[in-house]
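Colleague: Starting off with a structure, shown below.
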Amino acid sequence: MIMDMENKKLSRAFFERPTLEVARDLLGKTLVFGRHSGIITETEAYIGENDPACHAARGRTKRTETMYAKAGTVYIYLIYGMYHCLNIVTEAKDFPAAVLIRGLRMEGQHLDGPGKLCKALGLTRQHNGLDAITSGDICILDTPTTHGHITTPRIGIRQGTDLHWRFVLQDTSGNSSPRKKAGPVSASALATRKASRSS
DNA sequence: GCAACGATAGGG
DNA sequence: CCTATCGTTGCT
């Protein structure tokens, strides 16, 4: 049982890839934290100091330091004074990028929203900096998916709304939230990302 | 030191 | 639309 989980843990190499690919590929994977586990249904990418919506857009600060850590590091921050948001750091060390985990399908409930998700799992800023690759507390398992996905602009930001860097697992049970508006396919997002990195 | 504001959620 | 609630940031 425990050994099974070890074999299925996503490796650091998975998170070292381009953030848009990681955000897309995390859909359908299983987040495990303590006794909690659930299927990731919604993610967002935040990529580098040139992404105006990224916390690192104004450079390295005490808070954003975690975004510059090695891929697979857990980045958790407090938002609006009352909610926490869970992210997994991606790409190379010292390149600030991460994937925000916004939705989780668990047995008996669908956690829709990053603040809700952290509250239900008990994730707080005390877990900031944990390594999801080597930590015994938190990891992501490589579970298979047959579902497709859509992309949309990211939620709750004022800048960078032209970038469709939100990824939503296609809901086959037909009870998706009205907030999950349809958007262009991921190919355009991947192209946009290439352009923004090459500058 | 201080004040504006936010990768939210829930309620009217 | 409104606001609860507080750490981070940037400015004075």
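The values are calculated or read from the model by the stated rules, or taken from the named source; none is laboratory data. Not measured: the values here are computed from a predicted model. Remember, those area values only see protein heavy atoms, side chains included, never the ligands or the DNA or RNA. Shrake-Rupley method; radii C 1.70, N 1.55, O 1.52, S 1.80 Å.
Colleague: Of the heavy-atom accessible surface of the stretch A:2-145 (probe 1.4 angstrom), what whole percent is carbon and sulfur?
Modeller: That fraction is 50 percent.
Colleague: Give me a comma-separated list of calculated 3J(HN,Hα) values for the stretch A:64-69, in order, Karplus coefficients 6.51, -1.76, 1.60 applied at θ = phi - 60°, integers in Hz, x for any Gly or Pro.
Modeller: For the stretch A:64-69, the Karplus-derived couplings read 7, 3, 4, 5, 8, 6 Hz, x marking Gly and Pro.
Colleague: Under 5 Å between amide H atoms, partner at least 5 residues away or on a different chain: which partners does residue A:77 have, H built in plane at 1.01 Å?
Modeller: For residue A:77, whose amide H was placed from the backbone, the distant partners under 5 Å are A:85.
Colleague: Under the rule of at least 5 residues apart or a separate chain, name every residue whose amide H is placed under 5 Å from the amide H of residue A:97.
Modeller: Amide H to amide H, under 5 Å and 5 or more residues apart or across chains, residue A:97 pairs with A:48, A:90.
Colleague: Per 0.36 nm of contour for each residue apart, how much would the distance between residue A:116 and residue A:13 grow if the chain were fully extended, relative to their Cα-Cα spacing?
Modeller: Taking 0.36 nm per residue and subtracting the Cα distance, the gain is 34.2 nm.
Colleague: Also, quick follow-up: Per residue, how large is the accessible surface of the stretch A:2-145? Use a 1.4 angstrom probe and give square angstrom.
Modeller: Counting only protein heavy atoms, the per-residue value for the stretch A:2-145 is 45 Å².
Colleague: A further question follows. Can you list the HN-Hα couplings for the stretch A:135-140, worked out from phi with the Karplus curve (6.51, -1.76, 1.60; θ = phi - 60°), rounded to whole Hz and with x for Gly and Pro?
Modeller: Each residue's phi maps through the Karplus curve to give 5, x, 8, 9, 7, 10 Hz.
Colleague: Please report the spacing between the Cα centers of the stretch A:2-48 and the stretch A:88-131 in Å, no decimals.
Modeller: 10
Colleague: Rounded, prolate or oblate: which one fits the stretch A:1-158, using the alpha carbon gyration tensor with axes a ≥ b ≥ c (rounded when a/c is under 1.5, else prolate when a/b beats b/c, else oblate)?
Modeller: Values: a/c = 1.38, a/b = 1.29, b/c = 1.07.
Judged from the Cα gyration tensor, the stretch A:1-158 comes out rounded (a/c under 1.5).
Colleague: Here's another thing I want to ask about it. Short version: ³J(HN,Hα) in whole Hz for each residue of the stretch A:88-104, in order, from phi by Karplus 6.51 cos²θ - 1.76 cosθ + 1.60 (θ = phi - 60°), x for Gly and Pro, what are they?
Modeller: Rounded to whole hertz, the list is 10, 5, 10, 6, 6, 4, 6, 9, x, 8, 7, 10, 7, 8, 9, x, 9.
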